[in-house]
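Below is one structure, written out as C-alpha cells, with a few remarks after it.
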Amino acid sequence: MKSISRYLGLGVVCLLVIMMGILSQLPKTSHAASSPLKVQYMPDNTSTTTNKLQAGLQIVNTGSSSVALSGLTMRYWFTRDTNQAISVFCDYAAIGCSSVTGTAAAVAQPVATADYYVQVGFTSGILNANANTGKIKIRASKADFSSFTQTNDYSFNALFTAFTDWQNVTLYQNGVLVWGVEPTGSSTTPTPTPTQTQTTTPTPTQTTTPTPTPTPPPTSFDQSQIDAAVAAPLLAFPAPTTANSGRPGDSPTAVYNAKAFYFLALVSWYNPNATATNGTSVASRLAASIGQLVAGGNEPDANGGLEGWGHNDTAQGLLLARNEPAVWNQLSSTQQAKVNLLMQALAIAANFDFNDTNNFNQDIDYYLEGNQCKFNKSYNPNYREGYLNIMIAASLYFGPSTLNTFFTSFDYTSFNQQLQSAGFTNIQAAWANAQTLFMSGGSDNCSGTGSGVRTAFTYNNIPLSNPAGIFDQLAIFTYQDTVTSTGAGGNAYIADNTTSPYQGQQGMEHEFNSTDSGGARSDALYAYEGWMNSISSRTDITLLNAWGCGTTQTQDIRLESVGSGDLLYKLQHGYEGYYLAQSRLVNKTTPSSDGPSAKGFYFDQQVWNVVLSKVQPC
C-alpha cells in the first residue's frame, strides 16, 4: 500500500508539473485589480463596415472619494484591417472636448480581435464620488477614409442600446489596469505612440504638410433650432420654368429649407440619437427628407450659377449623410443610388461653371431664363461660394480620382437616360439644350467659351485632390478686405453708429467693399449670401479630415474668423447698406421677406458659433 501511495504521489506531482508547464505557455491576460471605477460603453455606429469607428464612453466612480481625471486613461481595442494611419477625434464630451485627449497605437502583441487601440485621456478635471463623466463620443478614422470591419473588434458590441458596463474597454489609473480585461496576448506596458497622421494634400501653389485638425467639439446645439429644422418641410425643389428672374434654387424658401436640411445632417453627425423636443429622431427626419428629395421631380435642377445658394447646403448635407450610417442605412439601395446620381449631376454643373478650361457666361438653362446672360465665374462671392463648394463636396463624396474619371468619361445621352429612369425631371429640364456645350464645349450664347465637362477639374490650377486648396482660393477672394465700419463712400454704415470690433483687421467680406451697375456697393445681405455657403463647406472639409494643417489653413481660419465676426456684429447692430445706388437696412431679420433669417441665418449661426468657430489653427 505504501508503494502504491508513493507512486500515486509521484503521479500527482508529475501531473502538476505538466499542467504548470502548459499554463506557462498560454498567452497571459491582464485583469483589473479591485477598484471603484468602471467604464460604460454604447456604440454610436453599429454598422458592420464603416469608415469611422464611433464609441460612446463614460467612466463611473462608485467609490466614496473623488478621482483626478488626469490620472485615468481608457483603451478601445479594435482591428485596423488595412495598413493606414489612424486619426482620433473627440466629437462630443459632457465635460468638454478641450480636456479630452485621444491617440491611437499598435498593440505590442496583436491578437485576432485587436491589433490597435484608441487611448482616451484627460488633461484636467475631477470625477466626484458616486458620479460619472457623462458621455464622451470618440471617433477614429483612417488616413484614406477606408472602411473598418467592426464585427471582429474586441471592444465593439452592437447589442448595447444604452450605456452598459463593458469590460472589453479597459481603464487605467496612473498606468495600472483598474477595470476590464485586455484582449489575450496584449501588453499594457507600451506607452502609446500617437499615429494621428492625415492624408497628405498636394498643393500646387503652397506646399504644406497637413496634420490632423481635431473635430470641433460642440458644447450643445440649440434645441430650438433642432426643433425648427425638424419642423421644416421635407426638402423638395420646384421645377425650373421659363422666367426672367428668380430660379428654383435661390428663392428664400428653397435656401431656408436647404439650411434646415444641412443642420439636420450636422446634428446627426455629432449625435445620431438626437431628437426634437417632440421626440422625432433627427436622423430619421433627415432620411425622410432625402427620400423626398430623390423621389423624382423634387431634386435641385443642377443649373449652376446663383442656384448654388440652395444647392450647396443640399450637397453638403448629403455628404455628411453618406458618411453617417445612422442616416445612410435608413435609405433603400435605390434611394442611395439616386443620391449618387444627384451628386454626379451637381458636380457636372460645377465643372461647367468653374473648371479652369471653361469661361462660360450663361447658366445651363439659358433658354428657360429668357435667354438672359446671368453668369460669369469672376462674379462676386455670392456666385462663387455656391457651386465651387459643391465641387468640393462632390470630391469628398466620390473621391477626386473617381470624380475626375466620371468627368472624362461623361456621356450626355447615357447620363440623361439615368436621369430619366430616376425621375429627375428638374435636371432634365434644365439640361435640355446643354448637350453640345457639355460634350464638346465651344461658344455659348453670351460670348463665353469653354471645353465642356469632359475634362478633369482644376480651379486656379488646384486639383480636386486638394479641397483645402480650392477653399483657400475662395477664402482669399471672399475675405480679402480690411474691416471698416462704413462703406460705399460713407453711404453705408453700422446702423447704431458703433464701430466693428474687428476694425482695421484683414478679413472683411468683399461684399462690403464692392461695386455694381450703380457704382460703389457695401451691403450686408450680399455678404451673408456668400458667407452662408462658405461655412458649411469648411465644416464638412474639417469633419471629413480633409482640412489639414499648415500656413494656408491658418491664414484661412484667421480670415474667416475676422470676416464672420465682423458680419455677425453688423447683422446684430444693423447695417445701412448701399447697393444699386440705393440704401437698404439689413439685420438678422430684415428684410423680412428675403433677409438672413428668411434664408436660414439662425441655422448658419449655430454652425459658426457651436462648431466652426471652435476650430483653432494647428
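Each row is one residue, and each column tells you yes or no for (1) open to solvent by less than 30 Å² (accessible area, probe 1.4 Å); (2) at pLDDT below 50; (3) farther than 30 Å from Cys373 by Cα.
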| residue | (1), (2), (3) |
| --- | --- |
| Leu159 | no, no, yes |
| Thr164 | no, no, yes |
| Asn168 | no, no, yes |
| Gly185 | yes, no, yes |
| Thr215 | yes, yes, yes |
| Phe237 | yes, no, no |
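Would you confirm, using the coordinates I've provided, whether Ala337 is more than 23 Å from Pro463 (Cα to Cα), surrounded by 24 or more Cβ atoms within 10 Å (Cβ to Cβ), within 22 Å of the chain's Cα centre (by Cα) and not hydroxyl-bearing (Ser, Thr, Tyr)? So Ala337 fails the test. Restricted to the range 512-618, the set of strands (runs of 3 or more DSSP E) holding at least 2 residues that are open to solvent by 10 Å² or more (accessible area, probe 1.4 Å) and free of Cβ contacts under 8 Å to residues at least 60 places away in the same chain comprises 519-521. Checked against the criterion of being over 26 Å from Ser284 (Cβ atoms) and in a strand (DSSP E or B), the range 363-375 has no qualifying residue.
From the residues in the range 425-446 that are of a type in the set (Val, Ile, Thr) and closer than 13 Å to Ala239 by Cα, which one is surrounded by the most Cβ atoms within 10 Å (Cβ to Cβ)? Ranking the candidates gives Ile427 first.
Condition first: in contact (Cβ under 8 Å) with a residue 60 or more places away in the chain and surrounded by fewer than 24 Cβ atoms within 10 Å (Cβ to Cβ). Now tell me which residues in the range 370-381 satisfy that. Within the range 370-381, Gly370, Asn371, Gln372, Cys373, Lys374, Asn376, Asn380 meet the criteria. You will find that of Gly563, Gly574, the residue that is within 23 Å of Ala315 (Cβ to Cβ) and over 19 Å from the mean Cα position of the chain (by Cα) is Gly563 and no other.
If I filter the range 320-332 for residues that are open to solvent by 40 Å² or more (accessible area, probe 1.4 Å) and closer than 21 Å to Phe145 by Cβ, do I get at least one hit?
yes
Taken over the range 84-120, the criterion of being open to solvent by 20 Å² or more (accessible area, probe 1.4 Å) and under 18 Å from Tyr154 (Cα atoms) is satisfied by Thr103, Ala106, Ala108, Gln109, Pro110, Val111, Ala112, Thr113, Asp115, Gln119. From the list Ser268, Ser289, the one residue that fits, being among the small types (Gly, Ala, Ser), buried (at least 24 other Cβ atoms within 10 Å of the Cβ), in contact (Cβ under 8 Å) with a residue 12 or more places away in the chain and within 27 Å of Trp431 (Cβ to Cβ), is Ser289. For the range 462-478, the criterion of being on the phi > 0 side of the Ramachandran plot and in contact (Cβ under 8 Å) with a residue 40 or more places away in the chain is satisfied by no residue at all. For Asp44, state whether it is at pLDDT below 90, surrounded by 10 or more Cβ atoms within 10 Å (Cβ to Cβ), among the acidic types (Asp, Glu) and more than 20 Å from Phe122 (Cα to Cα). Here the answer is yes, as Asp44 does meet what is asked.
The values are calculated or read from the model by the stated rules, or taken from the named source; none is laboratory data. It should be emphasised that the depicted structure is a prediction, and the values quoted were computed from it without experimental measurement. Don't worry about glycine lacking a Cβ; one is built from the backbone with ideal geometry, like all the others, and counts go over all protein chains shown. Calculation scope for accessible area: heavy atoms of the full protein, side chains included, ligands and nucleic acids excluded. Shrake-Rupley method; radii C 1.70, N 1.55, O 1.52, S 1.80 Å.
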